[in-house]
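So the structure is just underneath, and the comments pick up after that.
The values are calculated or read from the model by the stated rules, or taken from the named source; none is laboratory data. The shown structure was predicted, so the numbers you read here are calculated from the model rather than taken from an experiment. When we count neighbours, we look across all protein chains shown, and the Cβ atoms used for this are built from the backbone with ideal geometry, even at glycine.
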Amino acid sequence: MEFVLVLHNLFRWAVVVLMVYALGRMVGGLVQKREFTGQDRKALSWFAISMDVQLLLGLVLYISNGWWSTLPGGMSQSAVRFFAVEHLFMMVIAWVLAHVAARGARVSRLAAAQFKRGALLTGITVLVILLSIPWPWAASHGRPLFRLAELWWGGLG
């Protein structure tokens, strides 16, 4: 499972890159008042797909680590509560929002509405993700930004 944890940690950067790209295309299209193109649709779709992969990796970790079994007594421990409940719940919300953004932008007929909906939903998704990341400086549940070295040297924690 160490490999899956490292992969989940590293793949978040692909999610971040695709998220920034999608948000940039939405805001750029809104500001420039241009037509909603296939590239704009693909930017949102690739972001949503990256969220699918990340959710799958996270669920593998959640199930394999048995986080649900820590819930009855672990809710008073902030690290357990963060990973067993808060991180999972917020990231599922972000996953839903990413898909709603990808689908919702295509539903509108006017380019301005497509960009506005895409920018708003992707922006909210960004906020949810930023609030849900176990940042290294979080006292009780912080994790490193990169876990690549741990593939070779171990010491996951």
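Would you say Leu30 is hydrophobic (A, V, I, L, M, F, W, C), over 18 Å from Phe11 (Cβ atoms) and touching a residue at least 12 places away in the same chain (Cβ under 8 Å)? Yes: the conditions hold for Leu30.
Among the residues making up segment 1-15, a single one is at pLDDT 95 or above and either in contact with a Pro (Cβ under 8 Å, 6 or more places away or on another chain) or not small (Gly, Ala, Ser) (or both): Val15.
Residue selection: Gly118 satisfies the criterion of being among the small types (Gly, Ala, Ser), in contact with a Gly (Cβ under 8 Å, 6 or more places away or on another chain), buried (at least 16 other Cβ atoms within 10 Å of the Cβ) and within 15 Å of Gly24 (Cα to Cα).
Counting only helices (runs of 4 or more DSSP H) wholly contained in segment 34-104, the ones carrying 2 or more residues that are among the hydrophobic types (A, V, I, L, M, F, W, C), closer than 16 Å to Val15 by Cα and modelled with pLDDT of 95 or more occupy 38-65.
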